Amino acid sequence: MSGTIEGGKKCAETNKRKYGKDWYRKIGAIGGKNGNTGGFAANPTLARLAGAVGGRKSKRGPNLTDRARKVKQAKKMSAQGATYEEMSKELGVSYGTIRRYLNEEN
């Protein structure tokens, strides 16, 4: 029965019977008093800076649908005779990126 809701209820009942009705309040207070590092609450500026770093990092990479849209648009503009400068301004990317877009097979 361990690991089930029913087992948890029986365990809680036994603990309260053995150690008193406020057993969970007592052990929670002990755990709360043991902390001494302060964490980010001690330095809000550090918390803000760390959050900003985490927010800038992406584990998913660039938005591929947006990139695909830009590739398609660059190829269309190139076919219409647009210069790299015009394409760069329109798409908001560098000349090198435009060059890579135009060399892609898709």
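Among the residues of the stretch 18-54, those identified as surrounded by fewer than 10 Cβ atoms within 10 Å (Cβ to Cβ) and among the hydroxyl-bearing types (Ser, Thr, Tyr) are 37, 45. Among the residues of the stretch 3-17, are any surrounded by 10 or more Cβ atoms within 10 Å (Cβ to Cβ), assigned to a helix (DSSP H, G or I) and of a type in the set (Ser, Thr, Tyr)? So far as the stretch 3-17 goes, yes, one or more of its residues are surrounded by 10 or more Cβ atoms within 10 Å (Cβ to Cβ), assigned to a helix (DSSP H, G or I) and of a type in the set (Ser, Thr, Tyr). Within the stretch 45-59, is there a residue that is assigned to a loop (DSSP other than H, G, I, E, B), modelled with pLDDT of 85 or more and of a type in the set (S, T, N, Q)? No: the stretch 45-59 contains no residue that is assigned to a loop (DSSP other than H, G, I, E, B), modelled with pLDDT of 85 or more and of a type in the set (S, T, N, Q).
The values are calculated or read from the model by the stated rules, or taken from the named source; none is laboratory data. None of these values were measured; they are calculated from a predicted model. Methodologically, a virtual Cβ is constructed for each residue, glycine included, from the backbone with ideal geometry; neighbour enumeration extends over all protein chains shown.
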